[in-house]
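Novice: Take this structure first; my questions come after.
The values are calculated or read from the model by the stated rules, or taken from the named source; none is laboratory data. Just so it is clear, the structure is predicted and the values come from calculations on it, not from any experiment. Every residue, glycine as well, gets a Cβ built from its backbone with ideal geometry; the counts of neighbours run over all protein chains shown.
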Amino acid sequence: MPAGTLRARARASRSELRALASLRVLPARVALFWWRARRHARRSDDRFSLDSAARPAELAELLSLARGCTAVVELGSGTCWSTIALALEDRGRSVISYDPTVRSAREAYLDLAGRGLRERIELRAQPDSDGPRPGDHPVQLLFIDSSHERQSVLGAFAAWRAALQPGALVVFHDYRHPKYPGVREAVLELELRGRERHGLFVWQAP
């Protein structure tokens, strides 16, 4: 076997081992799903999911923040990795996720998550700026992970501010990501006082 092929296989093996080790921070059900989802994404060449999904450390922090929250709203479904993780982590939790772009790949990941989960996930093909629908429960945790442009983040926050339960958490993804300066710019413009945790900015409603 050519030396170049051996080196490539060795690099791939090391990458798999690092990915497996990173799952230790996640609850068992979520870790199993994440591993199966990553394997499917690699086999199907789903670069969008591999590049955009929250990493295990970020996801573990999000799940920790969501503990005890049964009414969760996510802005930016993508292919639903974090949507599924939020629903898997707590069987008493419902998750509403907004995204005007419906990606066909997400159905495969929802199938990987197993039966029964779909009953607690509602996917709305709407912009995050539409805000809640009449009759929606007050939001206990809002995860903002849609468009990362400053104006879009500002609009999403404004649309959902009144829907937050007192003491609710608002979590902004990619707060200091160099590719998405608009997230931090929006948080600074809103003058929110919060904390950074594993790439997330967390603000608590009064």
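Novice: Quick check: is even one residue across the stretch 98-111 closer than 28 Å to residue 39 by Cβ and touching a Leu at 6+ places or on another chain (Cβ under 6 Å)?
Specialist: Yes, the stretch 98-111 contains a residue that is closer than 28 Å to residue 39 by Cβ and touching a Leu at 6+ places or on another chain (Cβ under 6 Å).
Novice: Additional query: Kindly provide the set of residues from the stretch 163-206 that are at pLDDT below 95 and touching a Leu at 6+ places or on another chain (Cβ under 9 Å), ordered by number.
Specialist: Within the stretch 163-206, 197, 198 meet the criteria.
Novice: Looking for something surrounded by 13 or more Cβ atoms within 10 Å (Cβ to Cβ), free of Cβ contacts under 8 Å to residues at least 24 places away in the same chain and farther than 18 Å from residue 101 by Cβ - is there at least one such residue anywhere in the stretch 140-150?
Specialist: The answer is no, given that none of the residues of the stretch 140-150 is surrounded by 13 or more Cβ atoms within 10 Å (Cβ to Cβ), free of Cβ contacts under 8 Å to residues at least 24 places away in the same chain and farther than 18 Å from residue 101 by Cβ.
Novice: May I ask you to list pairs of residues, at least six apart or on different chains, whose Cβ atoms are under 6 Å apart, with the first in the stretch 98-121 being in contact (Cβ under 8 Å) with a residue 12 or more places away in the chain and of a type in the set (Gly, Ala, Ser) and the second being assigned to a helix (DSSP H, G or I) and surrounded by 17 or more Cβ atoms within 10 Å (Cβ to Cβ)?
Specialist: 113/33; 113/84
Novice: A follow-up question, please. In the stretch 53-72, which residue that is assigned to a helix (DSSP H, G or I) and either within 10 Å of the chain's Cα centre (by Cα) or among the aliphatic types (A, V, I, L, M) (or both) is surrounded by the fewest Cβ atoms within 10 Å (Cβ to Cβ)?
Specialist: Taking the candidates together, the pick is 57.
Novice: Residues 9, 18, 24, 29: which one is at pLDDT 60 or above, surrounded by 11 or more Cβ atoms within 10 Å (Cβ to Cβ) and in a helix (DSSP H, G or I)? Don't jump to the end; show me each part of the working.
Specialist: Values: 9 fails: at pLDDT 60 or above; 18 fails: surrounded by 11 or more Cβ atoms within 10 Å (Cβ to Cβ); 24 fails: surrounded by 11 or more Cβ atoms within 10 Å (Cβ to Cβ).
None of the other options fit; the residue is 29.
Novice: Let me ask something else. Scan the stretch 183-206 and report the pairs whose first residue is in a helix (DSSP H, G or I) and whose second residue is hydroxyl-bearing (Ser, Thr, Tyr), with Cβ atoms within less than 9 Å and a gap of 6+ or a chain change.
Specialist: Once the first residue is in a helix (DSSP H, G or I) and sits in the stretch 183-206, its partners that are hydroxyl-bearing (Ser, Thr, Tyr) give 183/175; 184/175; 186/152; 187/175.
Novice: Further question: Of everything in the stretch 42-67, what is more than 19 Å from residue 146 (Cα to Cα) and without any contact (Cβ under 8 Å) to a residue 12 or more places away in the chain? Give them in sequence order.
Specialist: 42, 43, 45, 64 - these are the residues of the stretch 42-67 that are more than 19 Å from residue 146 (Cα to Cα) and without any contact (Cβ under 8 Å) to a residue 12 or more places away in the chain.
Novice: If residue 40 satisfies all but one of (1) surrounded by 15 or more Cβ atoms within 10 Å (Cβ to Cβ); (2) modelled with pLDDT under 95, what's the number of the condition it fails?
Specialist: (2)
Novice: If we keep just the residues of the stretch 174-206 that are acidic (Asp, Glu) and touching a helix residue (DSSP H, G or I) at 6+ places or on another chain (Cβ under 8 Å), which is surrounded by the most Cβ atoms within 10 Å (Cβ to Cβ)?
Specialist: Out of the qualifying residues, it is 174.
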